[in-house]
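Data block below; observations after.
Derivation of every value follows stated rules applied to the coordinates shown; laboratory data play no part. The structure displayed is predicted, hence computed values, not measured ones. Cβ atoms come from the backbone with ideal geometry, glycine included; neighbour counts cover every protein chain shown.
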Amino acid sequence: MPLIPLHDANPRVYIRAHYVTIALVAVNMLVFVSMLGLSEDALFDAVIGYALIPARLFEGIELPEGLAGVSPLMSLVTYQFLHGDWTHLLFNMLFLWVFGDNIEDALGHRNFLLFFVLCGVAGGLLHGVLDPGSVTPTIGASGSISGVLGAYLLLYPRARLLVLAFIFIPLRLPALLVIGTFFAQDLIWAATNAPAALEVAVWAHIGGFLTGMGLVTLLKNPRVMLWHRPPRPWG
């Protein structure tokens, strides 16, 4: 990961507390921690029962008899709250924390929650449509958070971000460059079937990102302008 966002110079205007963003981070953390104590078999069952499995959704494959889980349609929501390891979880939550509060500010609390879930659903659907026979479980909030990034790019492309480049070099860069880099990486990986993409549901990222760009124009506060330029306290 070439750029790691740490902070954005983009104060909220319309809400005092970004409690939906906080709640989403907390739920993801709690789900992950609650699964740490499961046995290997119980963890496998939980992942299979609540992850997105394209073959369940598009080809009607059933879960093993006796295994608890949700319906294939509901798995489009539940998969968003499962993560494979600490790195997967913490990077997703970092991105949600840095960018989510401003999108919640622009959309309002209820619209932001709806937006977050729908971006994840759209990302999961695109991922599944392109490989409908796959029985590989897909988990993670990356599609939802990619939607947040897509919305942020449309609303605040000139916001200044503090990022770590190549893990240890601090830089202050515009959101257009940072977010554009992530989206371009996903597009390249998807177009070239890069080995790095084998472990990442890049089409879920792309679907979530494009959905976020579309939904934000429909759900945002009318007073929030596209391509807004926030204050630049760093000069």
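Data for the structure
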| quantity | calculated |
| --- | --- |
| Cα-based helix-to-principal-axis angle, 19-36 vs the chain, degrees rounded to 10 | 30 degrees |
| Volume per residue that the Cα convex hull of the chain spans, once the total is divided by residue count, Å³ | 124 Å³ |
| Selected from 120, 60, 100 as most flexible by GNM, with the chain as the system and alpha-carbon contacts under 10 Å | 60 |
| Under-5 Å amide H pairs with residue 52, H placed in peptide plane, nonlocal only | 79, 138 |
| Folded to 0 to 90 degrees: helix 142-155 orientation relative to the chain principal axis, Cα | 20 degrees |
| Fewest-first sequence of 215, 73, 161 by Cβ atoms within 10 Å of each Cβ | 73, 215, 161 |
| Cα shape, region 113-235, gyration tensor, a/c 1.5 rule | oblate |
| From phi via Karplus (6.51, -1.76, 1.60), per-residue ³J(HN,Hα) for region 65-79 in Hz, x at Gly/Pro | 4, x, 8, 6, x, 9, 5, x, 5, 5, 5, 5, 9, 5, 4 |
| Region 3-219 - percent relative contact order, Cα under 8 Å, separation 6 or more | 28 percent |
| Tilt relative to the chain, helix 109-129 - C-alpha long axis, 0 to 90 degrees, to 10 | 50 degrees |
| Overall form of region 59-103 per C-alpha gyration tensor (a/c, 1.5; a/b vs b/c) | prolate |
